[in-house]
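Trainee: One structure is given below, represented as structure tokens, and several questions about it will come after.
Values quoted throughout were computed directly from the atomic coordinates according to the rules given, and no laboratory measurement underlies them. All values reported here derive from a predicted model rather than from experimental measurement. Glycine gets a Cβ as well: all are built from the backbone with ideal geometry, and neighbour counts include every protein chain shown.
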Amino acid sequence: MAAEEKTEQDHLAYVRLRAPRQHAAALDVPDPVDVDDLFASNIVLRSGYPEALSVFAAVARQNVFDAAVGYTRQYLPEVDQWLPELSLERFVMAGHQPTLFHPGVWYKNFRLDALAKRFDALAVNLVVDNDLLASPAIGCPKQGDAGPASVAMLKMDQPTATLPHENRSILDGMLFTAFGKHAADAIAPAVADPLISQLWPEVIAAKEILGDRSLGQILAAGRHRLEWQLGLRTLEVPISHVAGTLAFGSFAGGIFIDIENFQNIYNRVLMRYRKQHGIRSSAHPVPELTRDGQWYESPFWVWSDADPQRRALFVKTDDEHFHLSDSNQFQQSVDIGEFPQWWSDNVKGRHVCIAPRALTTTMFSRLLVSDLFIHGIGGAKYDQLTDQIINDLYGVRPPGYLTSTATFSLPMPGPRVTKQDIARQRQLLREYRYHPEVHVTTSSETDALKEQKRLAIDQFQNGTAKKIANDKIEAVNQQLAATLEQKITATKATIKQLKSQLRDSQILHSREYSFALHPTSIVEELKTLARR
């Protein structure tokens, strides 16, 4: 029991991760000076895998590499000139949804490139196209001439039902084509040279090359083409393509063949994580996997092009077959021995869309494929679960990962005000009331009052006539504070002003606006941060 508790602490202990507050600052955990040691220890750890797992990992790595090369060369044919330089001996990965994300997310791509070059490794970025796209739009801050600041939503396409990225096609081609100019015009009052002006021609070029692909894949391909122009050297591959490989089918089959044990481990680790972090919600960080009789909910989603509503994939096994269901219309029985090939044929051919959930994606990527995976803050928090599940299910210590993000704000007008600024002023008011002697101007009168307070404090601490001493302290504080009336009035006015400015500042200087709205100078700043 003691050993089990130590393992839990190793993987599930609370780790505080916060994005930097200051502009052009990065968070990297572990610290950049320690990443070499992390990478080296991961190489050693993977070399100690049991033989069967090591062989499977080599196959998975080759499958992902082949899928990434095949996919990237579709819209970036110049990648073929780079391929002879590549080796599968070392492998680094990252991933995110195919959106116009904020610079903190984009920083991971620069970090991926920088570390790949540093370690002479292959770099692959996963395009997480199995997540849902809520709205094809980005926010753009707007400072009113007289009124408060606001956020304008810039549409790149018409809205529709919420769908997985891989199923969300472009509905309004004219609106999509015009989006680059629309966004550049919207941010023009603050940014004369927004990156969208360089990005959008590459997005349109990707659209012409790829044709009738999903909106997300076209956005990601355009961004990737721009990154190559900027000197980044990575491959990209959507999760929908990785999920269609034979290796991934075998990985899924390994979970299904032992689905009851997997589900028990998954839910047990999840409960321990919630307890360790004081989480009461049944939805965070992920819901438990459920059971309905002999049917076990698996860590996969299933849907089809005809019915793109994403549902949980349930599994039931017998001696010869996997039985799959979405508890709705999808039902399929597959011979266990033929399952990896069935999976690859059907998922790759899009006869049925089966995609891993977040934990399953990183379990496959970190355990089997990469020597180092780069997470953002959100992924890093939930991947403590992945660490413990890998440990309990496979009996191996999982390779460590890197957490990276950065904070950049747009060059918008107006003061930068935070809640901490207001808190500091409130603390100053409190000092004026309870410790006014620190702030008063020295005079014979104030010096005498300070001495009276000192004597009263001594009397209070010595335990003699505490109430009398306390009353004396309060009386002296009031007399001293009376000399600070102008400072008190000014501080109250400052608090009122800061409160009125806080909302505008939060809108105008948020770190969440798309990298595409930022000045082109952000590229060199990101490169500098990433190469630390």
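Trainee: Against the longest alpha carbon principal axis of the chain, how many degrees, from 0 to 90 and to the nearest 10, is the axis of helix 485-508 turned?
Mentor: That helix lies at roughly 10 degrees to the long axis.
Trainee: I've got another one for you. Below 8 Å between Cα atoms, with a sequence gap of 6+, how large is the relative contact order for region 419-508 in percent? Don't skip to the end; give the middle numbers.
Mentor: Values: 61 pairs, mean separation 36.9, N = 90.
The normalised contact order for region 419-508 reaches 41 percent.
Trainee: Please say if the chain is rounded, prolate or oblate, where rounded means a/c under 1.5 for a ≥ b ≥ c the square roots of the C-alpha gyration tensor eigenvalues, and otherwise the choice is prolate for a/b larger than b/c and oblate otherwise?
Mentor: Details: a/c = 2.26, a/b = 1.60, b/c = 1.41.
Note, shape of the chain comes out prolate.
Trainee: Let me ask another. Which one, M412, T317, P287, is farthest towards the positive end of the dipole of the chain when Lys and Arg carry +1 and Asp and Glu -1 on their Cβ?
Mentor: Going by the charge dipole, the pick is M412.
Trainee: Here's another thing I want to ask about it. Taking the convex hull of the alpha carbon atoms in region 419-508, what volume per residue do you get, in Å³? Spell out each step's value before the answer.
Mentor: Details: hull volume 8.7 nm³, N = 90.
Cα convex hull per residue, to the nearest whole number: 97 Å³.
Trainee: Follow-up. Could you pull out every residue, at least 5 positions away or on a different chain, whose amide H is within less than 5 Å of the one on Q97? Hs are placed 1.01 Å off N in the peptide plane, and Pro or chain starts have none.
Mentor: Close amide H contacts, sequence-distant or interchain: V128.
Trainee: Report the charge-dipole magnitude of the chain in Debye, nearest 20, computed about the Cα centre from +1 at each Lys and Arg Cβ and -1 at each Asp and Glu Cβ. Provide the component values of the computation, followed by the final result.
Mentor: Working: 57 positive and 62 negative charges, 506 e Å.
Magnitude of the dipole: close to 2420 debye.
Trainee: Using label points projected 7 Å from each Cα along Cα→Cβ, tell me how many nm separate R16 and Q143, to one decimal.
Mentor: 3.4
Trainee: Taking only Cα atoms, what is the 0 to 90° angle, nearest 10, from helix 2-12's long axis to the longest principal axis of the chain?
Mentor: Here the helix axis deviates by roughly 80 degrees.
Trainee: Quick one: 3J(HN,Hα) in Hz for region 47-60, Karplus 6.51/-1.76/1.60 with θ = phi - 60°, rounded, Gly and Pro as x.
Mentor: After applying 6.51 cos²θ - 1.76 cosθ + 1.60, I find 5, x, 4, x, 4, 4, 5, 5, 5, 4, 4, 5, 5, 4 Hz.
Trainee: How much net charge surrounds P136 when only the other residues with a Cβ under 10 Å from the Cβ of P136 are counted, with Lys and Arg +1 and Asp and Glu -1? It would help to have the intermediate numbers written out before the result.
Mentor: On the way: positive: K155, R168; negative: D157, D172.
Here the count lands on 0.
Trainee: Related question: Quick one: compute the contact order of region 244-312, relative version, from alpha carbon pairs under 8 angstrom and 6+ residues apart, as a percent. Spell out each step's value before the answer.
Mentor: Numbers: 38 pairs, mean separation 16.3, N = 69.
So the answer I get is 24 percent.
Trainee: Kindly express, to the nearest 10 degrees and within the range 0 to 90, the angle between helix 419-434's C-alpha long axis and the longest C-alpha principal axis of the chain.
Mentor: Its long axis makes an angle of about 30 degrees.
Trainee: Relative contact order for the chain: what percent, with Cα pairs under 8 Å and sequence separation of 6 or more? Intermediate values should be presented prior to the final figure.
Mentor: Numbers: 830 pairs, mean separation 123.9, N = 532.
Result for the chain is 23 percent.
Trainee: Now, a different point. Whats the longest run of the chain with zero chymotrypsin sites (Phe, Trp or Tyr not before Pro) that are DSSP loop and have at most 15 other Cβ atoms within 10 Å? Mind showing how you got there, number by number?
Mentor: On the way: sites that count: Y14, W82.
No qualifying site falls inside 83-532, the longest such stretch.
Trainee: Within region 395-427, list the residues whose amide N lies under 19 Å from a label point set 7 Å along Cα→Cβ of A25.
Mentor: Within reach of a label on A25, which here means backbone N under 19 Å from a point 7 Å along Cα→Cβ, region 395-427 contributes 403-412, 415-425.
Trainee: Let me ask another. Please give the Cα centre distance for region 9-86 versus region 427-469, rounded to the nearest Å.
Mentor: So the separation of the two Cα centres works out to 60 Å.
Trainee: For region 69-77, what does the Karplus curve 6.51 cos²θ - 1.76 cosθ + 1.60, with θ = phi - 60°, yield as ³J(HN,Hα) per residue in whole Hz, taken in order and with x for Gly and Pro?
Mentor: So the Karplus estimates, Gly and Pro as x, are 5, x, 6, 5, 5, 4, 10, 9, x Hz.
Trainee: Taking K and R as +1 and D and E as -1, what net charge do the other residues with C-beta under 14 Å from the C-beta of M93 add up to?
Mentor: +2
Trainee: How would you rank V64, V476, going from fewest to most other Cβ atoms within 10 Å of each one's own Cβ?
Mentor: Values: V64 28, V476 22.
Fewest-to-most ranking of V64, V476: V476, V64.
Trainee: Related question: Taking Rh as the Kirkwood radius, which is the inverse of the mean 1/r over Cα pairs, what is the Rg/Rh value for region 38-155?
Mentor: On the way: Rg = 19.6 Å, Rh = 17.6 Å.
Reported Rg/Rh (Cα atoms, Kirkwood Rh): 1.12.
Trainee: Using helices alone, what [θ] at 222 nm do you get for the chain, with -39,500 (n - 2.57) per DSSP H run of 4 or more residues, divided over all residues and rounded to the nearest 500? Show your work: numbers first, answer last.
Mentor: Working: 18 runs with 265 residues, N = 532.
My calculation for the chain gives -16000 deg cm²/dmol from helical runs alone.
Trainee: Could you list T99, T464, T528, T234 in order of exposure, starting from the residue whose Cβ has the fewest other Cβ atoms within 10 Å? Intermediate results must be reported in sequence, preceding the final value.
Mentor: Working: T99 19, T464 10, T528 13, T234 23.
By the 10 Å Cβ count, ascending, the order reads T464, T528, T99, T234.
Trainee: If you don't mind, another one. Would you work out which of N125, A152, F179 lies farthest towards the positive end of the dipole of the chain, given +1 charges on the beta-carbon of Lys and Arg and -1 on that of Asp and Glu, about the Cα centre?
Mentor: Among N125, A152, F179, the one farthest towards the positive end of the dipole of the chain is A152.
Trainee: Report the FRET efficiency, 1/(1 + (r/R0)^6), for K467 and K155, where r is their Cβ-Cβ distance and R0 is 60 Å, rounded to 0.05.
Mentor: Values: r = 68 Å, r/R0 = 1.13.
E between K467 and K155, to the nearest 0.05, is 0.30.
Trainee: Additional query: Provide the per-residue ³J(HN,Hα) series for region 273-282, in order, calculated from phi with Karplus coefficients 6.51, -1.76, 1.60 and θ = phi - 60°, each as a whole number of Hz, with x at glycine and proline positions.
Mentor: So the J values, rounded to whole Hz, are 4, 4, 5, 5, 9, x, 8, 9, 5, 7.
Trainee: Taking the number of other C-beta atoms within 10 Å as the exposure measure, put L199, L393, L17 in order starting with the fewest.
Mentor: Working: L199 23, L393 18, L17 14.
So the ranking, lowest neighbour count to highest, is L17, L393, L199.
Trainee: For region 419-508, what is the charge dipole size about the Cα centre, in debye to the nearest 20, if Lys and Arg each add +1 at the Cβ and Asp and Glu each add -1 at the Cβ?
Mentor: Numbers: 16 positive and 11 negative charges, 101 e Å.
That gives region 419-508 a dipole magnitude of about 480 debye.
Trainee: First check a/c for region 383-532, with a ≥ b ≥ c the square roots of the eigenvalues of its C-alpha gyration tensor; if it is under 1.5, answer rounded, and if not, answer prolate when a/b is larger than b/c or oblate otherwise.
Mentor: Working: a/c = 3.89, a/b = 1.80, b/c = 2.16.
Oblate is the answer for region 383-532, as a/c is 1.5 or above yet b/c matches or exceeds a/b.
Trainee: Using a Debye calculation, one point per C-alpha and no hydration shell, please list log10 I(q)/I(0) for region 195-309 at q = 0.12, 0.20, 0.23 Å⁻¹ in order.
Mentor: Taking Cα atoms of region 195-309 as identical point scatterers yields -0.73, -1.06, -1.22.
Trainee: Considering only C-alpha atoms, what is the centroid distance from region 291-346 to region 236-288, in Å?
Mentor: 15
Trainee: Which one, P436, H518, T234, projects farthest toward the positive side of the charge dipole computed for the chain from Cβ point charges (K/R +1, D/E -1)?
Mentor: Farthest towards the positive end: P436.
Trainee: State which entries of K117/K155; K419/K466; K181/K527; K381/K492; K275/K492; K142/K381 exceed 31 angstrom in Cα-Cα distance in the structure shown.
Mentor: Values: K117/K155 37 Å; K419/K466 37 Å; K181/K527 26 Å; K381/K492 40 Å; K275/K492 42 Å; K142/K381 33 Å.
From K117/K155; K419/K466; K181/K527; K381/K492; K275/K492; K142/K381, over 31 Å: K117/K155; K419/K466; K381/K492; K275/K492; K142/K381.
Trainee: Where a ≥ b ≥ c are the square roots of the eigenvalues of the C-alpha gyration tensor, would you call region 260-396 rounded, which needs a/c under 1.5, or, failing that, prolate if a/b is larger than b/c, or oblate?
Mentor: Values: a/c = 1.66, a/b = 1.49, b/c = 1.11.
Because a/c hits 1.5 or more and a/b exceeds b/c, region 260-396 counts as prolate.
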